[in-house]
Amino acid sequence: KHLVKGLQQMGLEVLGGQTPIVSVVVGHEEETLKAGHFLFEKGYYVQSVIFPAVPYHAGVLRIQVNSNHRPESIQGLLEAFKALKQQIAFQENQTARKAA
């Protein structure tokens, strides 16, 4: 819940959250791959999922959270996502736009 809430507070579109697998919508394939590499360089293994596994230009970062992940690790990942937002262009959050 901490991860999902933190990502949403950053304005990111989060899919899932009811299971240990959380996806963050990035959008374009190149940006999705760059995002996965950026997080890996920060010490976090996050899968970059692009077409044809998801629709074209609907790439996601897939994160699997489990009970072995310590709270400080989740917070570190959130900090890495904050830095990532300065490096790549995430697709506009469709859920937030509809609510406005």
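The values are calculated or read from the model by the stated rules, or taken from the named source; none is laboratory data. These numbers come from a predicted model, not from an experiment. When we count neighbours, we look across all protein chains shown, and the Cβ atoms used for this are built from the backbone with ideal geometry, even at glycine. Calculation scope for accessible area: heavy atoms of the full protein, side chains included, ligands and nucleic acids excluded. Shrake-Rupley method; radii C 1.70, N 1.55, O 1.52, S 1.80 Å.
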Would you confirm whether or not the range 65-81 contains a residue that is open to solvent by less than 80 Å² (accessible area, probe 1.4 Å) and closer than 12 Å to residue 91 by Cβ? no
Let me spell it out: the conditions are (1) at pLDDT 95 or above; (2) closer than 17 Å to residue 19 by Cβ, and residue 33 meets all of them except one. Which number is the exception? (2)
For the range 28-78, give me the residue count where each residue is of a type outside the set (A, V, I, L, M), touching a residue at least 40 places away in the same chain (Cβ under 8 Å) and in a strand (DSSP E or B). 2
Return yes when residue 38 is within 16 Å of residue 7 (Cα to Cα) and of a type outside the set (Lys, Arg) and no when it is not. no
Residue 25 - would you say it is in contact with a Ser or Thr (Cβ under 8 Å, 6 or more places away or on another chain), open to solvent by less than 50 Å² (accessible area, probe 1.4 Å), in contact (Cβ under 8 Å) with a residue 24 or more places away in the chain and under 23 Å from residue 1 (Cα atoms)? no
Taking the range 1-52 and keeping residues aliphatic (A, V, I, L, M) and farther than 14 Å from residue 77 by Cβ leaves 15, 21, 25, 26, 33, 49, 50
One residue is enough: does the range 84-91 have a residue meeting the conditions polar (S, T, N, Q), open to solvent by 20 Å² or more (accessible area, probe 1.4 Å) and touching a residue at least 40 places away in the same chain (Cβ under 8 Å)? yes
